[in-house]
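Working notes, structure below.
The values are calculated or read from the model by the stated rules, or taken from the named source; none is laboratory data. Predicted model, so just to flag it, every value in this text is computed and none were measured. Here the Cβ is made from the backbone with ideal geometry for all residues, glycine too, and neighbour counts use every protein chain on show. Side chains included, ligands, DNA and RNA excluded: accessible areas come from the protein's heavy atoms. Shrake-Rupley method; radii C 1.70, N 1.55, O 1.52, S 1.80 Å.
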Amino acid sequence: MKLQQLRYIWEVARHDLNVSATAQALYTSQPGISKQIRMLEDELGVEVFSRSGKHLTHITPAGQVILQIAGDILQQVESIRRVAHEFRDENRGELRIATTHTQARYALPLVIKRFTERFPDVSLQMHQGTPMQIAEMAAKGQVDFAIATEAMELFSDLIMMPCYRWNRTVVVPDGHPLTKVKPLTLDAIAEYPLVTYVFGFTGRSKLDEAFRQAGLQPKVVFTAADADVIKTYVRLGMGIGIIAHMAMAPEQDNGLVTLDAGHLFESSATRIGFRKGTFLRGFMYEFMREFAPHLRKELVDAAVRCHSREELDQLFAGIELPVR
């Protein structure tokens, strides 16, 4: 069994069983990958992939288990490389982050600016996606950090640490009748068409739960993953918007009025997560502390030592998170 063979089956699975796309990504030949996979299966005595002719159709039950172990092995190999990099040059390397548009656009710019000024020899890559995609990328080792609000609790192989709390704001065109409703109520909001996040994005579940508990059925006429898109359609008069408070930029959002909705919805926590077993280099600790100052190295290391999600929650129970 060769490490290269494990990498091939892992990459083929990651590329939706497309051997041609895998070969292009790895700068090798399709026949070479297919031959190595067959050699591995012959050695193991089981098939990792089922086939129809020359095409791979699905992952076998044995293949599911083998791929999970292969992923762990490849993660450890990456950790070995990082150990070597850390001792060779602690300020040079690569940092891969997956996050949502809202975090990338509003929460991270200053953090990344300060980080890159401090670590100019660290190549930083940012991937955007849905919270589920973000968590999956971190769980599979495709990125180092996942930063999101939703979905990350679904992955038991991620260590997730709370960074800050935030709430929502209602966005309406200047002169809208809701600007005269004081205090703002869910009943008043439910009278108007609603423009907000796609379900699964940026705390949408907390919004839906608030209306459900109030016995209200909001008329959602348009959803988007991007707060800037939501604001555009509010300007067009399609409805009122509900977005993360941090996504408002007064100097750029002319013609829009924000109405505080913190008393109407339960606040949400944005978390940063990484895969268990990840070797954290020095600049990775520094990025987390730049993003969330309470995430000092000692606290992060304590989180890594936790054996359960309940233990992790207890570790952070006494920490008052900043509000944004």
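Name the single residue, out of those in region 220-241 being in a loop (DSSP other than H, G, I, E, B) and touching a residue at least 60 places away in the same chain (Cβ under 8 Å), that is most open to solvent (accessible area, probe 1.4 Å).
Among residues in region 220-241 that are in a loop (DSSP other than H, G, I, E, B) and touching a residue at least 60 places away in the same chain (Cβ under 8 Å), the one most open to solvent (accessible area, probe 1.4 Å) is Gly237.
Does at least one position in region 209-219 carry a residue that is outside any loop (DSSP other than H, G, I, E, B) and without any contact (Cβ under 8 Å) to a residue 12 or more places away in the chain?
Yes, region 209-219 contains a residue that is outside any loop (DSSP other than H, G, I, E, B) and without any contact (Cβ under 8 Å) to a residue 12 or more places away in the chain.
Are any of the residues in region 54-69 in contact (Cβ under 8 Å) with a residue 60 or more places away in the chain, closer than 27 Å to Pro131 by Cα and not charged (D, E, K, R)?
No, every residue in region 54-69 fails to be in contact (Cβ under 8 Å) with a residue 60 or more places away in the chain, closer than 27 Å to Pro131 by Cα and not charged (D, E, K, R).
Is it the case that some residue within region 256-270 is at positive phi and either in contact (Cβ under 8 Å) with a residue 40 or more places away in the chain or open to solvent by 30 Å² or more (accessible area, probe 1.4 Å) (or both)?
No, every residue in region 256-270 fails to be at positive phi and either in contact (Cβ under 8 Å) with a residue 40 or more places away in the chain or open to solvent by 30 Å² or more (accessible area, probe 1.4 Å) (or both).
Which of the residues that make up region 147-186 are open to solvent by less than 60 Å² (accessible area, probe 1.4 Å) and among the basic types (Lys, Arg)?
Arg168
Of everything in region 8-21, what is assigned to a helix (DSSP H, G or I), more than 24 Å from the chain's Cα centre (by Cα) and surrounded by 15 or more Cβ atoms within 10 Å (Cβ to Cβ)? Give them in sequence order.
Tyr8, Ile9, Val19, Ala21
If a residue has to be in contact (Cβ under 8 Å) with a residue 60 or more places away in the chain, assigned to a helix (DSSP H, G or I) and open to solvent by less than 20 Å² (accessible area, probe 1.4 Å) to count, how many in region 121-141 make the cut?
4
Kindly indicate whether Ile319 is over 29 Å from Asn91 (Cα atoms) and either aliphatic (A, V, I, L, M) or assigned to a helix (DSSP H, G or I) (or both).
yes
Considering only residues that are under 19 Å from Arg275 (Cα atoms) and open to solvent by less than 70 Å² (accessible area, probe 1.4 Å), which ones fall in region 78-120?
Result: Glu78, Ser79, Arg82, Val83, Glu86, Gly93, Leu95, Arg96, Ile97, Ala98, Thr99, Thr100.
Restricting to region 282-324, and then to whatever is of a type in the set (Val, Ile, Thr) and under 20 Å from the mean Cα position of the chain (by Cα), can you tell me which residue is modelled with the highest pLDDT?
Val300
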